[in-house]
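Asker: Let me begin by handing over the structure; questions about it come next.
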Amino acid sequence: MDFEPPFQVSYKTLLKKATKSDNEIFLVEEYCELPLINLSRLSSGQQLERERCMNEIADAASRLGFFQIINHGIPKEVLRSISYEQKNVFHQPFQKKVKDNFLNLSANSYRWGNPKATCLRQFSWSEAFHISITEIPRMTTEYKSLRLAIEKFAKAVASIAKILAEILSTKLGIRSCSYFQDNCPAGSSYVRLNRYPPCPYSSKVYGLIPHTDSDFLTLVYQDMVGGLQLFNHGAWFSVKPNPDALIVNIGDLFQAMSNCVYRSTKHRVVGNTQTERFSVAYFYCPSNDAIIQSFTKPAVYRNFTFSEYKLQNQTDVQENGDKIGLSKFLL
């Protein structure tokens, strides 16, 4: 099909280098039941019920770094719309998607594979549109329905992200929640549309390589195909999709701010031999000059700005094919 990225042609050399050990990268223990949190309890008139919900959020963030939220208030029509429009844009011809002016986004917004990969363990069998919130209003009119779908989704999810961030900071003992109001304007965050094509090498190639997220929080809406896995206590666990839930995970910045109270957990996506998979992620990020610092002492990490963190990650990817992350900022 003409919309598929040419993985097998472009990465033929890497695929030929596959070894028997590559078949072992997807050993998984079992399914992991993520904590399921009913957000409607936050608006409960009972203070005790609201406090219990907040405690569950903080507990999940510290124990697993992942949880699911239901009754989050996002209309089903918004989720159906982003799913439909996402599928439509990914099914445009590949040669159209790779053009610099496609969707009128920045040149590196459309991504596929990993041109820096030197081995299969650094390679992702997936494609994505990584879109800054500031870019959405200028998307081409040819895809107006896609722009509107992304705008509605981003607006709805952004308000949830802010609420969760303020709850998590409160549970750290930070009395003032103005940090996120001051340092996380709407335009500093990102939306990422993800597609994982059917992969004939699904036992050897990642859909998305193991990583942690370089933000405060990530909120993900996924289809029912499955493939998300997280690393916990030395083993990989599969996450069972829930059609009514959004997945939330802690990013590197919250781990640093919380002095490792909250966990930025490594996760990955495995491919499917027969079925394509879709997800859309919202990355709750600060402005580039925001200072990330621990609010408790002694600090584990030195103070750094978000732009400094991103630059270090970019350098590591160019030199090593993968990011190193927070360990570069240890005191």
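Every read-out reported here was derived from the displayed coordinates using simple, explicitly stated rules and does not represent laboratory data. Predicted, not measured: the structure shown is a model, and the values here were computed from it. Cβ placement follows ideal geometry from the backbone for every residue including glycine, while neighbour counts extend to all protein chains displayed.
Asker: I need the phi-derived Karplus couplings for the range 237-248: 6.51 cos²θ - 1.76 cosθ + 1.60, θ = phi - 60°, integer Hz, Gly and Pro marked x.
Answerer: Couplings: 10, 7, 9, 6, x, 10, x, 9, 10, 9, 8, 10 Hz.
Asker: Rounded to the nearest 500, what is the chain's calculated 222 nm mean residue ellipticity when only DSSP H runs of at least 4 contribute -39500 (n - 2.57) each, over all residues?
Answerer: On the way: 9 runs with 100 residues, N = 331.
Theoretical 222 nm ellipticity from helices: -9000 deg cm²/dmol.
Asker: Let me ask another. Provide the FRET efficiency to the nearest 0.05 for the LYS310-LYS99 pair, computing r from the beta carbons and using R0 = 35 Å. Intermediate values should be presented prior to the final figure.
Answerer: Working: r = 26 Å, r/R0 = 0.74.
The computed FRET efficiency comes out at 0.85.
Asker: I would also like to ask the following. If you look for lysine pairs in the range 140-214 that are eight or more places apart or on different chains, how many of them have Cα atoms under 17 Å apart?
Answerer: The number of close lysine pairs in the range 140-214 is 4.
Asker: Quick one: order TRP236, TRP125 by neighbouring beta-carbon count within 10 Å, fewest to most.
Answerer: Final ranking by Cβ density, sparse to dense: TRP236, TRP125.
Asker: Compute the helix-to-body angle for 76-90: its Cα long axis versus the longest principal axis of the chain, expressed 0 to 90° and rounded to tens.
Answerer: Tilt of helix 76-90: around 30 degrees.
Asker: In addition: Given Cα pairs under 8 Å that are at least 6 residues apart, what percent is the relative contact order of the chain?
Answerer: Details: 628 pairs, mean separation 70.1, N = 331.
Over the chain, the number comes to 21 percent.
Asker: Give the shape of the range 60-133 as rounded, prolate or oblate, defined through the alpha-carbon gyration tensor: a ≥ b ≥ c are the square roots of its eigenvalues, a/c under 1.5 means rounded, and otherwise the shape is prolate if a/b is larger than b/c and oblate if not.
Answerer: It comes out oblate by the Cα gyration axes.
Asker: Using a simple charge model, +1 on the beta-carbon of Lys and Arg, -1 on the beta-carbon of Asp and Glu, nothing else, what dipole does the chain show about its Cα centre, in debye to the nearest 20?
Answerer: Numbers: 38 positive and 31 negative charges, 69 e Å.
It works out to roughly 340 debye.
Asker: In whole Å, largest first, what are the principal axis extents of the Cα atoms in the range 1-139?
Answerer: 60, 45, 24
Asker: Determine, for SER132, SER145, SER294, the number of other Cβ atoms within 10 Å of each Cβ, and report the residues in order from fewest to most.
Answerer: SER145, SER132, SER294
Asker: If a/c stays under 1.5 just call it rounded; otherwise compare a/b with b/c (prolate if a/b is bigger, oblate if not). Do that for the range 22-329, with a ≥ b ≥ c from the square roots of the Cα gyration tensor eigenvalues.
Answerer: In terms of gyration-tensor shape, rounded.
Asker: So how tilted is helix 144-171 from the main axis of the chain? Cα-based, degrees 0 to 90, rounded to 10.
Answerer: On a 0 to 90 degree scale, this one is about 40.
Asker: Kindly state, to the nearest 0.05, the FRET efficiency for THR13 paired with ASN288, given R0 = 35 Å and r defined as their beta-carbon distance. Intermediate results must be reported in sequence, preceding the final value.
Answerer: Details: r = 37 Å, r/R0 = 1.04.
For THR13 and ASN288, the calculated efficiency is 0.45.
Asker: Moving to a separate point now. At most 14 other Cβ atoms within 10 Å and a DSSP loop assignment: could you name the trypsin sites (Lys or Arg not before Pro) in the range 89-185 that fit?
Answerer: Here the trypsin sites (Lys or Arg not before Pro) that fit, given the DSSP loop and packing criteria, are LYS99, LYS116, ARG175.
Asker: Expressed as an acute angle from 0 to 90° and rounded to the nearest 10, what is the orientation of the C-alpha long axis of helix 306-320 relative to the principal long axis of the chain?
Answerer: Here the helix axis deviates by roughly 30 degrees.
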